[in-house]
Amino acid sequence: EVIAASRLLSQAKLGALIAIERRKGSLKDWAEKGILIDAQLSREILFSVFTPPGATHDGGAILNQDRLLACSVIFPLTRTTNFPKELGTRHRAAVGFSENTDALCLIVSEESGAISLADRGVLYYDIPVERLSEFMERGMRHRLPQKKALSQDCELMKV
């Protein structure tokens, strides 16, 4: 459902920020800072969450397994000093959230429709939708390639 929603959001150039919880309960405190939903996950509900001008399209959504836990959650921005200028707040928030939690973060750019993942401070940029399933499966198992911990520079891995 996440992949199908990402494809729809990308085609419509609707921006999205989705954090996927890896360990049950690890993002509970974060979810409570947003609008609590706790709904069965579907592509339709994710598309609806990120469609403006609704109140839920700003901020991020938090997922656990097959549940949408919350939306409109404000994620912390990365503190890296050398972040690519062409990427905006949504990408900064995804990298920042992935630095501070165990979440795998998915980003859909509203400007380009590009789909990216942030994992442990590394941004995997512009993943072809045909390969998104592979990247997400590897990411959920903490198996995306890691070169180094993020410190001063944003590590951007063009896919």
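The table for this structure:
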read-out	value
Spacing of the two label points (7 Å from each Cα toward its C-beta) at Glu86 and Asp29, in nm	3.7
Residue order for Ile35, Ile115 - accessible surface, 1.4 angstrom probe, largest first	Ile35, Ile115
Residues of the stretch 27-48 with amide N under 20 Å of a point placed 7 Å along Cα→Cβ from Arg67	27-47
Projected label distance in nm at Leu77 and Ala39, using a 7 Å step from Cα toward the beta-carbon	3.0
Lysine pairs in the chain with Cα atoms under 25 Å, if 8 or more residues apart or on separate chains	8
Over the chain: helical MRE at 222 nm, DSSP H runs n ≥ 4 each giving -39500 (n - 2.57), nearest 500	-7500 deg cm²/dmol
Share of carbon and sulfur in the accessible heavy-atom surface of the stretch 58-97 [1.4 Å probe, %]	47
Probe 1.4 Å - accessible area at Leu8, Å² to nearest ten	70
Convex hull volume of the chain per residue (C-alpha atoms, cubic angstrom)	98
Heavy-atom surface of the stretch 1-134, accessible at 1.4 Å and reported per residue (Å²)	46
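The values are calculated or read from the model by the stated rules, or taken from the named source; none is laboratory data. Quantities reported herein were computed from a predicted structural model and do not represent experimental measurements. Neighbour counts are summed over all protein chains in view; Cβ atoms, including those assigned to glycine, are modelled from backbone coordinates with ideal geometry. Each accessible area value is taken on the protein alone, full model and side chains, heavy atoms only, with ligands, DNA and RNA left out. Shrake-Rupley method; radii C 1.70, N 1.55, O 1.52, S 1.80 Å.
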